[in-house]
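To start, the structure under review is shown below, and the notes come after it.
The values are calculated or read from the model by the stated rules, or taken from the named source; none is laboratory data. Only a predicted model underlies this, so the values are computations on that prediction, with no experimental measurement involved. Note that each Cβ is placed from the backbone with ideal geometry, even for glycine, and that neighbours are counted across all protein chains shown. Just so you know, the surface numbers come from the protein's heavy atoms only, side chains and all, with ligands and any DNA or RNA stripped out. Shrake-Rupley method; radii C 1.70, N 1.55, O 1.52, S 1.80 Å.
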Amino acid sequence: MQNFLWPFRFIGSRLVLLILASLIIFFSMTLLPGDPAEVLLGVDAQPDTLAALHHKLGLDQPLLAQYWHWATGLLHGNFGQSYGYNVPVWSLLAERLQVSLPLASIALTAAVALGVLLGVFTATRRGTWLDLAFMGAIQLTKAVPDFWLAMLLTGFFALSLHWFPAGGFAGWEQGGGAALRSLVLPAVALALPQAAVLARYTRSAVIAVLDEPFILTARAHGLSERQVLCRHVFPRSLPSVLAVVSLQIPLLLSGTIIVENVFNLKGTGALLLEAVNQRDVPVVQACVLLIVAVVVVEKGLFQWLEMRLSPWLASGRNGHVA
């Protein structure tokens, strides 16, 4: 019965979180300094012209009426009209997601793969010079800000070696190879700091399992190091790794805002900064709500994944030697 009701509880709790997030996002926008109409028309605009634009944008309505109009529009897939671009917000998001979505996907995949491999590698060689060297490099990478790492990568691989473009996005119409080549350096700049964090946590989790008594028993029964890692160490370390990955996704999404601007990529991060500078409230609301929705759904999916993997994880927790 509990498993049957879990999907309904999952969807219901996520909807409540999204509704609360929409309320916070909408009403926090009213606290921003500046008048969107004045930004569009300039400070020398006449009062009657400002009043006409307020009426056109719906800014002369009560706040609750404005929220209700915006929220009901979201239910129909209408994110409103951009003040600055004068086009539907969803069309702007759809265009910019063609850059941000593959960038974030490549960066996350690279961060998880590199972080887990480095964590396991250093854990199985703890105390050696390789462990010390890699841990030193990991600590250094964690200390470097995203924007500074992005500039270092640009200066070396783009301006000096000319292996990758220094900025801009070639566009998918130019071919997948050219488009992906434009995303390599931004993805590396996003992935390396997150991989360093994940490697450190993975190393600690793996070492904690390797120090448990039943690992000695497994080795005494003739299991190879690879069998010990795959059958016992990795299942017990996986919950900690998944928890860290779920926390890194919001950090990675926030990092795209900076990295996209450094590499002049026209993604959602750059769109959000442009909208904030122009007081383009519908675009800001849509971008922030999209980020919140991704985080809320991602947290739920990781909970579901852990629940689905719990039988397999339990087989690695019980300490029995196969």
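Residues in the range 148-177 that are surrounded by 14 or more Cβ atoms within 10 Å (Cβ to Cβ) and at pLDDT below 80: Ala166, Gly167, Phe169, Ala170.
For the range 243-287, the tally of residues that are hydrophobic (A, V, I, L, M, F, W, C), open to solvent by 10 Å² or more (accessible area, probe 1.4 Å), farther than 20 Å from Leu149 by Cα and in contact with a Pro (Cβ under 9 Å, 6 or more places away or on another chain) stands at 1. Condition check: at positive phi, modelled with pLDDT under 80 and not β-branched (Val, Ile, Thr). Does Gly77 satisfy that? Judged against the criteria, Gly77 is not a match.
Among the residues of the range 213-229, is there at least one that is assigned to a helix (DSSP H, G or I), open to solvent by 10 Å² or more (accessible area, probe 1.4 Å), out of contact with any Pro (no Cβ under 9 Å at 6 or more places or on another chain) and modelled with pLDDT of 85 or more? No; the residues of the range 213-229 include none that is assigned to a helix (DSSP H, G or I), open to solvent by 10 Å² or more (accessible area, probe 1.4 Å), out of contact with any Pro (no Cβ under 9 Å at 6 or more places or on another chain) and modelled with pLDDT of 85 or more.
Picking from Leu23, Leu31, which residue would you name as being over 16 Å from Gly84 (Cβ atoms), free of Cβ contacts under 8 Å to residues at least 12 places away in the same chain and of a type in the set (A, V, I, L, M)?
None of the others qualify; the one that does is Leu31.
For the range 66-85, give me each residue that is hydroxyl-bearing (Ser, Thr, Tyr) and touching an Asp or Glu at 6+ places or on another chain (Cβ under 6 Å).
Ser82, Tyr83
Consider the range 116-144 and keep the residues that are in contact with a Pro (Cβ under 8 Å, 6 or more places away or on another chain) and of a type outside the set (S, T, N, Q). The one that is least open to solvent (accessible area, probe 1.4 Å) is Val144. Residues that are under 25 Å from the mean Cα position of the chain (by Cα) and without any contact (Cβ under 8 Å) to a residue 40 or more places away in the chain were ranked within the range 230-242; the one that is surrounded by the most Cβ atoms within 10 Å (Cβ to Cβ) is Ser237.
Checked against (1) more than 22 Å from Trp148 (Cβ to Cβ); (2) modelled with pLDDT under 80, Leu180 passes all but a single condition, namely (2). If you go through the range 120-169 and keep only what is within 21 Å of the chain's Cα centre (by Cα), of a type outside the set (Ser, Thr, Tyr) and closer than 30 Å to Arg226 by Cα, you end up with Ile138, Lys142.
Going through (1) closer than 30 Å to Ser182 by Cα; (2) free of Cβ contacts under 8 Å to residues at least 60 places away in the same chain one by one, Leu92 falls short only on (2).
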